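Asker: The structure's right below; bear with me while I get my questions together.
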Amino acid sequence: MSKAAENKAMPNGPMPEGPDTEVNARDVFGIDIDMTVPAFSEHNEYVPDFDADYLFDKQTTLALLAGFAHNRRVMVQGYHGTGKSTHIEQIAARLNWP
């Protein structure tokens with residue numbers, strides 16, 4: 001990719017290399033579990049918008065957090081419009097994950 005194309009694709013700089021901190025799932029998601037999850041310490045333009053009113057489904061959240069924690073894929077399935085993408089976006093928003 002040319003430098004011009006890189007700058008167009010990343011208007012405010014490059015994507016972060018990887019998570020640089022860990023957060024406690026109980027503190028961030030209100031789930032009764034002792035689990036730390038990798039996160040980014042700084043928010044950037046690629047991180048989804050934070051919705052303070054979002055309510056997390058415990059089982060789905062634990063499955064997704066395990067995927068984040070162990071760098072594994074997680075399949076979330078359900079009917080269209082049931083919040084699968086939104087759930088992942090809200091986890092990413094709280095972890096500052098682009």
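The values are calculated or read from the model by the stated rules, or taken from the named source; none is laboratory data. Note that this is a predicted model, so its numbers are computed, not measured. FYI the Cβ positions are ideal-geometry reconstructions off the backbone, even for glycines, and counts take in every protein chain you see.
Residue-wise test of (1) under 19 Å from D20 (Cα atoms); (2) buried (at least 18 other Cβ atoms within 10 Å of the Cβ).
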| residue | (1), (2) |
| --- | --- |
| Y46 | yes, no |
| K58 | no, no |
| R72 | yes, no |
| Q77 | no, no |
| I88 | no, yes |
| I91 | yes, yes |
| N96 | yes, yes |
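Asker: On to the next question. Of the conditions (1) loosely packed, with under 14 Cβ neighbours inside 10 Å; (2) within 19 Å of M15 (Cα to Cα), F68 satisfies every one except a single condition; which number is it?
Answerer: Result: F68 passes all but (1).
Asker: Go through segment 24-58 and count every residue that is free of Cβ contacts under 8 Å to residues at least 24 places away in the same chain and within 15 Å of T86 (Cα to Cα).
Answerer: Final tally of qualifying residues: 3.
Asker: State all residues of segment 66-89 that are assigned to a helix (DSSP H, G or I) and over 14 Å from F40 (Cα atoms); if no residue qualifies, say none.
Answerer: If the condition is that a residue be assigned to a helix (DSSP H, G or I) and over 14 Å from F40 (Cα atoms), then A66, G67, H70, K84, S85, T86, H87, I88, E89 are the ones that fit.
Asker: Follow-up question, since we're still on this one. When you check E22 against the structure, is it charged (D, E, K, R), under 15 Å from I91 (Cα atoms), modelled with pLDDT of 90 or more and in contact with a Pro (Cβ under 9 Å, 6 or more places away or on another chain), yes or no?
Answerer: Taking the combined requirement at face value, the residue satisfies it.
Asker: Could you please give the count of residues in segment 60-98 that are among the β-branched types (V, I, T), within 17 Å of R26 (Cα to Cα) and more than 8 Å from the chain's Cα centre (by Cα)?
Answerer: Within segment 60-98, residues that are among the β-branched types (V, I, T), within 17 Å of R26 (Cα to Cα) and more than 8 Å from the chain's Cα centre (by Cα) number 2.
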